[in-house]
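One structure below.
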Amino acid sequence: MWMVPSTAALFDVLMLRCDRINQRDRIMSATARTTLSLEPKAFRIARERAELRKISLGKAVSELIEEADRHRPKMRVETDERGFQVLVSPEGSPQITSEMVKELLDNEW
């Protein structure tokens, strides 16, 4: 015997499916799947971290990136009085002189 579901039952099924789609979309937006090509040394470091902490390789790579970001100098760009954009290094950074730049350019070329 074939039974036709009621409109309310169909609506409930549709709402459940929409709720599952919304949950999946929230999860997908919170994490991003991607493929990375890592240098052998970087792969070894991440794999060792993952094994040591008993976490996934992706989680280990994420932690390493976040840790590196916390420790990098925070540079900012300002425009000087002549309209040129200038990189301003954080307080306490060593000063770079014209002589240092010239020496590097001479050695590079």
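The values are calculated or read from the model by the stated rules, or taken from the named source; none is laboratory data. In this text the structure is predicted, and so the values were computed from the model without any measurement. All Cβ positions, glycine included, derive from the backbone under ideal geometry; neighbour counts span all protein chains shown.
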List the number of the failed condition for Trp2; all other conditions in (1) modelled with pLDDT of 90 or more; (2) assigned to a loop (DSSP other than H, G, I, E, B); (3) surrounded by fewer than 11 Cβ atoms within 10 Å (Cβ to Cβ) hold.
(1)
Six or more apart or on different chains, Cβ under 7 Å: which pairs go from a residue in segment 88-107 that's of a type in the set (Val, Ile, Thr) to one that's assigned to a loop (DSSP other than H, G, I, E, B)? Could you list them?
Val88/Met75
Scanning segment 51-68 residue by residue, the ones that are part of a loop (DSSP other than H, G, I, E, B) and either within 15 Å of Leu38 (Cα to Cα) or not hydrophobic (A, V, I, L, M, F, W, C) (or both) total 2
Kindly provide the set of residues from segment 24-39 that are acidic (Asp, Glu) and at pLDDT 75 or above, ordered by number.
Glu39
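Here is a yes/no grid of residues against (1) loosely packed, with under 10 Cβ neighbours inside 10 Å; (2) among the small types (Gly, Ala, Ser); (3) at pLDDT below 90:
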residue	(1), (2), (3)
Ala8	yes, yes, yes
Lys41	yes, no, no
Arg49	no, no, no
Ala60	no, yes, no
Glu67	no, no, no
Arg82	yes, no, no
Ser89	no, yes, yes
Out of the residues in segment 91-109 meeting the condition of being modelled with pLDDT of 85 or more and among the acidic types (Asp, Glu), tell me which one is farthest from Arg76 (Cα to Cα).
Asp106
